[in-house]
Amino acid sequence: MKRAVFLGISVLLMCSILVSFVFAKETITFWVPATGEVYKVYKEAVDMFNAKSKNFQVEAVSIPDMERKLLVAVAGGAPPDVAVHWNPMALREWIDRDSILPLTPFIKEEKFDTSKYVPACLEQATFYGQIWGLPLTSSLKPMFYWNKDLFKEVGLNPNLGPKTWKDLLTYSDKLTIKKDGKIERLGFTPLWGHIANGAETLVWFVQSGVKPVSDDGNKITINTEKAVDVLQFIADLANRYGREAYQAFSSQFGSGLNDPFLTGRLAMAGGSTPMAVRGVLYYKPDFKLGYSLMPSPTGKELVVFTQGSSMIIPKGSKHPKEAWEFIKWYSGPQQTHLSAKIGYNSGNILALRKTADVISSKLVLNYYKYVVNIPQTPAQGVFFDEIVRARNAVIYGQMTAKQALDSLVQKVQSEIDKILASQKK
Amino acid sequence: MLRKKRILLGLFFISPWLIGFLLFTLGPIIFSFYLSFTDYQVIAAPKWIGIENYRELIKSDPLFWKSLYNTLYYVAFRIPTGILTALSLAILLNRKLKGVTIFRSLFYFPSLISGVVLSVIWLWILAPEFGLLNMVLSFFKLKGPLWLTDPAWAKLAFVIMALWSVGPQMIIFLAGLQDIPEQLYESAHIDGTNWWQDIRYITLPLLTPSIFYNIVVLVIGAFQVFTQAFIMTNGGPVDSTLFYVLYLYNNGFRYFKMGYASSMAWILFIIIFCLTLIQFRFSSWVHYER
Amino acid sequence: MNNRKITIVNNLIWYIIICVLAFIFVFPLLWIFSTALKTRDQLFVYPPVLIPKPVAWDNFKKAINAIPFLLYLKNTLIIVVFSLLGDIISSSFVAYGFSRIDWPGRDILFLVLLGTMMIPYQVTLIPLFIVYRMIGWVNTFFPLTVPSFFATAAFHVFLLRQFYHTIPKDLSDAAYIDGCSDLRIWWKIILPLAKPALVTVGIFNFINHWNDFLGPLIYLQEDKKYTLAIGLYAFRNEFGTDWNLMMAAAILMVIPLVVLFLSAQKVFVSGITLTGLKG
């Protein structure tokens, strides 16, 4: 009798295990480039999808420092099924390395309407006549922000930001307080905030009419005379109040609640659209934030880049169809979590309109028509690193602006040529 | 026991190591050697390009030379300061007075702290205005440099930081000191020597094996400086702390030029090997007692 | 009489010098601890404040909450415990073969083992990574634990071998006469006698793996697999300038080492000398 019971139970157990395998919903892996709080928001949106998804479930995995790891995973043949690509200005490198699947076949087959995405974002994910990712977020960088209270304090109109480069210098001088060789408050620096990144630094150049890269992206053309002037301008701006004084000052910069812009130690800054939410209003809801596009040489060159993220299907994904289903929903108007909760403004215009009360969405709706997309080179990583290196070399007086740019062009161009050569074979 | 049986038995016992040696050491070394002659960017299969990597490193990569210079600079300062500090502390602590073990532990402890934690701690100590070091200097009316944000001082900051980890070298010296028989000092004192003469004529000569060992080990270690540079400065400012291994790591794991990075690894291996050989060759100053 | 006075004065001078030096050496730690207990506004004041008012004990709580501290701790412990097991077993096993059995070729292979200690890890770093990736071990704990089972810590094998040499041969001979196999001798006689050396090896192993940064950096991808070392690095990237919180996090990582150190001081300060290494 005991034996029979035991047998019965084990058979039941085996059956239920078998059944659960057969009827378990397929699960696809989704790599999220965030941790902690931000990851939770991603996950919430994923849960929403899972609740209504009939055929499969999505598992959101938190992967810090993702770019590096995604490449390795694809190369190793064990990539996630779907991922967020967080560096759209370098998407070409991925495509050239054959690491992602084009979405055009899916789009064509279903006659999927892509018109609701921010055009510049979609354009950024379009290469060689194919679409490779659907825009998830549409962060505009660099946006120009200022502290209205500080403007009032020094007698500037708080609602009127500097429009020209000359204005920028004048405003900055008015707002900077320097005592005994120490900076106590700084008007502006090109070395803090998103404007300090290699990619965003290019805005200064594009505003001046410099063409950093040829149309096909294969030739670096950033060492023209005009470009030399621009680089000199940036370096001079950085050193305007003394290099050592700035370094001592910046060593006290905090993050989050203690970042220099929030604490009023930096009056104007070049940031991103999400920064308005996550960097400012999240910590100080009553902060009086002024915003505009970056000041330009004559005030008329209105330029901004978009650096949002897109959803991609890595090559080797085991569930491309399911990944596509998920991508459609996650980048669609129903997913407003990222915009509403953490200010990662959506890449979908309908979603932006739904969350237009969030300032980052409002900013994108206002300014996305000014986005300029620079052609992408096959070596964006190296290119952006070298821009920063060149800028720093001039700031530290180790090279002249001309030397720095020539060296940059030589280095990056040789990298590009090598990559192109190896691709031909 | 039969000779054959002993061999089999011996091999049986060391088999884990032997297997591990083939799998985790010899195999990878050979593979790495092969990779150094290829262009391997992870996505595609390795492509044989002969000595192209080496040629490019030596002829057209200024960062290769800069990183090598940075490392040599660091090694040049690290060895003398490290040896002197460890030696001085060891001599001081080579006494049988009460509480000396507590002091020995005290000086040894910081060397146990991990590279990550050291990086974080020293970032704060070396902060330009409110860091401990500059605050102490200003107490003596000196204006400290910007340390990690000043290209002229950044490497020296690393040398200073490394002095805190003097523990292991100090212990080696202590062990060596304890091997020196008391009688030698006693008979010298009969002749009327002072402490400096003690050190110069007895201690140092008899300590040369320990000094030699520490130098060899310290050189090998100093050439591999990485973690603190990776975390604290990431090679900056303006590549003044781009040490050789950091540049290697960047090439291999940031730019995914793994063939290129493998060549760098082999050049490093050769440099360390040669330096060690040279040290052994010119080690006639070491007195071995036996 | 005079001699005694001179000695006392000498000793006093020595104590003073050594205390001053020790103070200089340890002061940074005190400073870090003090920083960890400060509120932010106390960080940037001159003249500096050593004892913070108020004492922000909740900095520690904030640091633990800012990153998934307990999760990272768990991961670190898993790695540490497994590699400890592997290291002690394999090193003591292999050392037996290098010392308690006399066989031709033994000493040459031992020289090879010593030689491997001189190979810079950078040479094997990339190939190991590629192989691990091929067999799907990236993003697992395997690359960080499995090698320990193959006596890859050459220094530990060396330590144990030296120690085994000090165990009299007669013990083994007597056991042979009783019909014991070498395996039994290793397990029943040598291991128990080698406890102090094993403890030393265990402690060195613990510290190495607790502090390991490069391994986890390269092999662990998912946030939920991270160790404390990587966690602190990520913390630095996000809260890099919240010095008080960072110092609190750093102290939390050092505390286990302090505990270990205090309870096993003798091991460190004399562990290396067990081997006559200076020769």
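Some points to look at:
- Qualifying residue in the range B:102-115 (condition: closer than 30 Å to A:LEU191 by Cβ and either free of Cβ contacts under 8 Å to residues at least 24 places away in the same chain or at the interface with another protein chain (Cβ under 9 Å from one of its Cβ atoms) (or both)): yes
- Criterion (of a type in the set (Val, Ile, Thr) and assigned to a strand (DSSP E or B)) met by exactly one of A:VAL72, A:VAL61: A:VAL61
- Residue match in the range B:145-162 (condition: under 24 Å from C:VAL259 (Cα atoms) and under 22 Å from the mean Cα position of the chain (by Cα)): yes
- Test: residue in the range A:34-41 that is within 14 Å of chain C (Cβ to nearest Cβ), in a loop (DSSP other than H, G, I, E, B), touching a helix residue (DSSP H, G or I) at 6+ places or on another chain (Cβ under 7 Å) and of a type in the set (Gly, Ala, Ser): yes
- Any hit, the range B:194-216, residues being surrounded by fewer than 22 Cβ atoms within 10 Å (Cβ to Cβ) and under 30 Å from B:LEU148 (Cβ atoms): yes
- Candidates are the residues of the range C:25-48 that are among the β-branched types (Val, Ile, Thr) and either under 13 Å from C:ALA249 (Cα atoms) or within 11 Å of chain B (Cβ to nearest Cβ) (or both); the one that is surrounded by the most Cβ atoms within 10 Å (Cβ to Cβ) is C:THR35.
- Where a residue in the range B:186-198 is within 16 Å of C:ILE6 (Cβ to Cβ) and its partner, wherever it lies, is surrounded by 10 or more Cβ atoms within 10 Å (Cβ to Cβ), with Cβ under 7 Å and at least six apart: B:ASP198/B:TYR185; B:ASP198/B:ALA188
- Residue match in the range A:84-92 (condition: within 23 Å of B:PRO46 (Cβ to Cβ), assigned to a helix (DSSP H, G or I) and modelled with pLDDT under 90): no
- Considering the range B:1-42, and only residues there that are in contact (Cβ under 8 Å) with a residue 12 or more places away in the chain, part of a loop (DSSP other than H, G, I, E, B) and more than 9 Å from chain C (Cβ to nearest Cβ), the residue that is nearest to the chain's Cα centre (by Cα) turns out to be B:SER36.
- Complete set of residues in the range A:336-354 that are buried (at least 22 other Cβ atoms within 10 Å of the Cβ) and assigned to a loop (DSSP other than H, G, I, E, B): A:GLY343, A:TYR344, A:ASN345, A:GLY347
- Taking the numbered list (1) in contact with a Leu (Cβ under 9 Å, 6 or more places away or on another chain); (2) under 30 Å from B:PHE37 (Cβ atoms); (3) modelled with pLDDT under 90 in turn, C:LEU109 passes all entries but (3).
- Matching entry among B:ILE180, B:ILE160, B:ILE172 (being more than 22 Å from B:LEU206 (Cβ to Cβ) and within 13 Å of chain C (Cβ to nearest Cβ)): B:ILE160
- Residue match in the range A:156-167 (condition: surrounded by fewer than 24 Cβ atoms within 10 Å (Cβ to Cβ), of a type outside the set (Val, Ile, Thr) and modelled with pLDDT under 90): no
- Boolean, C:PHE98 is away from every other protein chain (no Cβ under 13 Å), aromatic (Phe, Trp, Tyr), part of a helix (DSSP H, G or I) and touching a residue at least 60 places away in the same chain (Cβ under 8 Å): no
- A count restricted to the range A:249-259 and to residues that are in a helix (DSSP H, G or I) and either at positive phi or surrounded by fewer than 20 Cβ atoms within 10 Å (Cβ to Cβ) (or both) stands at 4.
- If the condition is being under 32 Å from the mean Cα position of the chain (by Cα) and assigned to a loop (DSSP other than H, G, I, E, B), then the range C:1-42 contributes C:LEU37, C:LYS38.
- Residues (free of Cβ contacts under 8 Å to residues at least 24 places away in the same chain, in a loop (DSSP other than H, G, I, E, B) and either over 27 Å from the mean Cα position of the chain (by Cα) or more than 8 Å from chain B (Cβ to nearest Cβ) (or both)) located in the range C:104-140: C:PRO104, C:GLY105, C:ILE135, C:GLY136
A quick yes/no check of all residues on (1) buried (at least 24 other Cβ atoms within 10 Å of the Cβ); (2) of a type in the set (A, V, I, L, M, F, W, C):
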position	(1), (2)
A:LEU262	no, yes
A:VAL303	no, yes
A:ALA323	yes, yes
A:GLN334	no, no
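- When residues of the range A:251-281 are limited to those that are within 19 Å of the chain's Cα centre (by Cα) and either over 24 Å from A:LEU168 (Cα atoms) or among the aliphatic types (A, V, I, L, M) (or both), the one nearest to the other protein chains (Cβ to nearest Cβ): A:SER255
- Filtering the range B:253-275 to residues that are modelled with pLDDT under 90 and not basic (Lys, Arg) leaves B:PHE253, B:TYR255, B:PHE256.
- Against the test of being acidic (Asp, Glu), surrounded by 14 or more Cβ atoms within 10 Å (Cβ to Cβ) and on the phi < 0 side of the Ramachandran plot, the options B:ASP150, B:ASP191 yield a single qualifying residue, B:ASP150.
- The residue that is nearest to the other protein chains (Cβ to nearest Cβ), counting only those in the range B:183-209 that are aliphatic (A, V, I, L, M) and under 22 Å from B:SER284 (Cα atoms), is B:LEU207.
- Residues of the range A:266-301 satisfying the condition of being in a helix (DSSP H, G or I) and buried (at least 21 other Cβ atoms within 10 Å of the Cβ): A:THR273, A:PRO274, A:MET275, A:ALA276, A:VAL277, A:GLY279, A:VAL280
- Yes/no for A:GLN376 being in contact with a Lys or Arg (Cβ under 6 Å, 6 or more places away or on another chain) and either within 27 Å of A:TYR283 (Cα to Cα) or assigned to a loop (DSSP other than H, G, I, E, B) (or both): yes
The values are calculated or read from the model by the stated rules, or taken from the named source; none is laboratory data. Fair warning: this is a prediction, and the values are worked out from it, not measured in the lab. Every residue, glycine as well, gets a Cβ built from its backbone with ideal geometry; the counts of neighbours run over all protein chains shown.
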